[in-house]
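The values are calculated or read from the model by the stated rules, or taken from the named source; none is laboratory data. Just so we're clear, the structure is a prediction, and the values are computed from it rather than from any experiment. All Cβ positions, even for glycine, are placed from backbone atoms using ideal geometry, and neighbour counts span all protein chains on display. For accessibility, only protein heavy atoms count, side chains too; no ligands or nucleic acids. Shrake-Rupley method; radii C 1.70, N 1.55, O 1.52, S 1.80 Å.
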There are 2 protein chains.
Amino acid sequence: MQEAITVGMVVFPEFELLDVFGPLEFLGNYPADFQLIILGESTGAVPSIQGPSIVAESALSETPEVGILMVPGGIGSRKFVNNSEALKEIHRLATVARYVCSICTGAGILARAGLLNNKRATTNKLAYTWATSQGPSTKWIPHARWVQDGNTWTSAGVSAGMDMTLALIAEIHGSERAQEAAIYAEYTWNNDPNMDPFAGPAGLLD
Amino acid sequence: MQEAITVGMVVFPEFELLDVFGPLEFLGNYPADFQLIILGESTGAVPSIQGPSIVAESALSETPEVGILMVPGGIGSRKFVNNSEALKEIHRLATVARYVCSICTGAGILARAGLLNNKRATTNKLAYTWATSQGPSTKWIPHARWVQDGNTWTSAGVSAGMDMTLALIAEIHGSERAQEAAIYAEYTWNNDPNMDPFAGPAGLLD
C-alpha cells in the first residue's frame with residue numbers, strides 16, 4: 001500500500017477562508033492518501049481575512065518536507081510577499097515537493113518566491129494586475145480555471161481552488177476518485193481547466 | 001446605517017470543513033453587514049474531521065444571542081446530537097435568532113434540538129436515513145438543494161451550504177449583493193433551491 005502524501009497548506013494573517021478549506025475538504029476526506037498539515041510562520045492561531053482563526057500545526061522553518069505544497073491567497077498575500085524568510089522556506093519546501101499549488105493570489109506568493117519563473121500560471125481575475133506583477137517572467141494565462149505546468153498547479157480565484165484540487169486528485173488517483181470526492185461533498189465539479197466563467201471578454205479582469 | 005448581524009457558527013469535534021467555511025467565506029466578506037463568531041462547547045481549538053482545527057471564540061452557554069445561528073454537519077454530528085447541554089443552548093439561541101440555518105447533517109442536530117418539528121427541511125443525501133431519523137415529525141424534502149420554512153433554512157450536503165448562504169444574503173440584502181458575493185469568490189451559484197443534482201431518481205439517497 002502506498003504511503004499517504006503529506007499536504008502542507010501555508011497560512012498567513014488575513015488568508016482567504018475558502019482558498020484554504022475548499023481544497024482541504026476534498027483532500028482531507030481521504031486520510032489514507034493525504035495527510036493534512038497547516039504551516040504557519042510559527043505554530044498557533046492565524047486569523048483569516050473573514051475573522052475565524054485556524055491553528056497552524058508546524059512552523060515553516062521547522063517543516064522538513066511535504067509531498068504537496070499549497071499556498072492560498074487573500075488580502076494578506078500582499079503583505080506576505082514581503083516576508084523574505086517565509087518565502088525562503090516556501091522555496092525550500094517547493095524544491096523537494098511532488099506538487100506545488102496555489103489558489104487565487106497565492107500565485108503572487110509563488111512568483112515572488114521565484115517558483116513561477118518562465119512557467120505558465122493563472123491567478124484571481126479581480127486582483128490580476130497585482131498578482132501578475134509579482135512574476136514578470138511568468139507566462140500568465142488570463143482565461144483559465146487552473147493551469148498546470150509540470151508539477152506546478154495554479155488556480156484562478158477562491159473557489160477555483162476546489163476544481164483544481166479535484167483535478168490533482170484525478171492526476172494522482174484517477175478521475176473516478178475525483179468524481180467520488182466531488183459527489184461526497186455534493187459539489188458540481190468544473191473539470192475543464194479552460195472553462196473560466198470569470199475571465200475573458202465579458203469577464204472580470206481588472 | 002443598519003447594524004451588522006452577528007453570525008454564530010456552531011462547531012464540535014469532527015465537523016465538516018466546507019460546511020463551516022463555505023458559508024463563512026461569503027458572509028465574512030461583508031464585515032459591515034455580518035460579524036462572524038465561532039461558537040463551541042467551550043472556547044479554544046476544535047478539530048475538524050479532516051484534521052485542521054478552528055478556534056472557537058465563545059462558549060455556547062456564554063453567548064447571549066446571535067442574529068443568524070448556523071449549524072454544520074460532519075461525522076461528529078452523530079455524537080453531538082447526544083450532547084443535551086449543547087442542544088439546550090442551541091435551542092435557546094435559535095429561539096431569539098432572526099434566522100436559523102443548518103448545513104448537511106446539521107439538520108439532524110436542529111431536529112434533535114426540537115427546532116424542526118412540523119417544519120419542511122432537507123439534509124445530506126448520503127446520510128439521509130440517519131439525519132431524517134433525528135426528526136420524526138419533520139417534513140423532510142428529499143429533492144432540494146436547500147429548503148426555507150419561515151426563518152429556518154436547511155441545506156443539502158456540504159457545498160449546498162454555499163448556495164443556501166448566497167440565497168440568505170439575497171433575502172437580506174437583495175440578489176444583486178448575492179451575485180456579487182459569488183463573483184468575488186469566482187463561484188458559480190446554483191440559485192435554484194429545487195435544482196439538486198445529488199438527489200432524485202438517479203441520485204444518491206441512501
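Only a single item in (1) more than 14 Å from chain B (Cβ to nearest Cβ); (2) over 23 Å from A:W130 (Cα atoms); (3) under 15 Å from the mean Cα position of the chain (by Cα) is not met by A:A94, and it is number (2). As an exercise: evaluate B:K119 against (1) in contact with a Phe, Trp or Tyr (Cβ under 7 Å, 6 or more places away or on another chain); (2) open to solvent by 50 Å² or more (accessible area, probe 1.4 Å) and give the number of the one condition it does not meet. Among (1) in contact with a Phe, Trp or Tyr (Cβ under 7 Å, 6 or more places away or on another chain); (2) open to solvent by 50 Å² or more (accessible area, probe 1.4 Å), the lone unmet condition for B:K119 is (1). Within the range B:165-173, is even one residue within 12 Å of another protein chain (Cβ to nearest Cβ), out of contact with any His (no Cβ under 9 Å at 6 or more places or on another chain), of a type in the set (S, T, N, Q) and under 28 Å from A:G161 (Cα atoms)? There is at least one residue in the range B:165-173 that is within 12 Å of another protein chain (Cβ to nearest Cβ), out of contact with any His (no Cβ under 9 Å at 6 or more places or on another chain), of a type in the set (S, T, N, Q) and under 28 Å from A:G161 (Cα atoms).
Conditions (1) open to solvent by less than 50 Å² (accessible area, probe 1.4 Å); (2) more than 14 Å from chain A (Cβ to nearest Cβ), marked per residue:
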position: B:G114; (1), (2): yes, yes
position: B:V147; (1), (2): yes, yes
position: B:Y184; (1), (2): no, no
position: B:W189; (1), (2): yes, no
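Residue check: is A:E25 part of a loop (DSSP other than H, G, I, E, B) and either open to solvent by 10 Å² or more (accessible area, probe 1.4 Å) or not small (G, A, S) (or both)? Considered against the rule, which asks whether it is part of a loop (DSSP other than H, G, I, E, B) and either open to solvent by 10 Å² or more (accessible area, probe 1.4 Å) or not small (G, A, S) (or both), A:E25 comes out as no. Scanning the range B:10-22 for residues that are open to solvent by less than 10 Å² (accessible area, probe 1.4 Å) and more than 8 Å from chain A (Cβ to nearest Cβ) yields a count of 5. Scanning the range A:71-82 for residues that are closer than 17 Å to A:S61 by Cα and either open to solvent by less than 30 Å² (accessible area, probe 1.4 Å) or part of a strand (DSSP E or B) (or both) gives A:V71, A:F80, A:V81. Looking for something in contact with a Leu (Cβ under 6 Å, 6 or more places away or on another chain), modelled with pLDDT of 95 or more, within 19 Å of A:Y99 (Cα to Cα) and open to solvent by 10 Å² or more (accessible area, probe 1.4 Å) - is there at least one such residue anywhere in the range A:130-144? Checked the range A:130-144: at least one residue is in contact with a Leu (Cβ under 6 Å, 6 or more places away or on another chain), modelled with pLDDT of 95 or more, within 19 Å of A:Y99 (Cα to Cα) and open to solvent by 10 Å² or more (accessible area, probe 1.4 Å). Residues of the range B:149-162 that are more than 11 Å from chain A (Cβ to nearest Cβ) and surrounded by 22 or more Cβ atoms within 10 Å (Cβ to Cβ): B:W153, B:T154. Sort out which residues of the range B:29-54 are in contact (Cβ under 8 Å) with a residue 40 or more places away in the chain, in a loop (DSSP other than H, G, I, E, B) and open to solvent by less than 40 Å² (accessible area, probe 1.4 Å), and write them in order of number. The answer is B:Y30, B:D33. Here A:S61 does not fit the description of being away from chain B (no Cβ under 14 Å), buried (at least 21 other Cβ atoms within 10 Å of the Cβ), in contact (Cβ under 8 Å) with a residue 24 or more places away in the chain and closer than 26 Å to A:Q134 by Cα. Selection of the range B:24-51 for residues being over 16 Å from A:G51 (Cα atoms), in contact with a helix residue (DSSP H, G or I) (Cβ under 9 Å, 6 or more places away or on another chain) and at the interface with another protein chain (Cβ under 10 Å from one of its Cβ atoms) yields B:S48, B:I49, B:Q50, B:G51.
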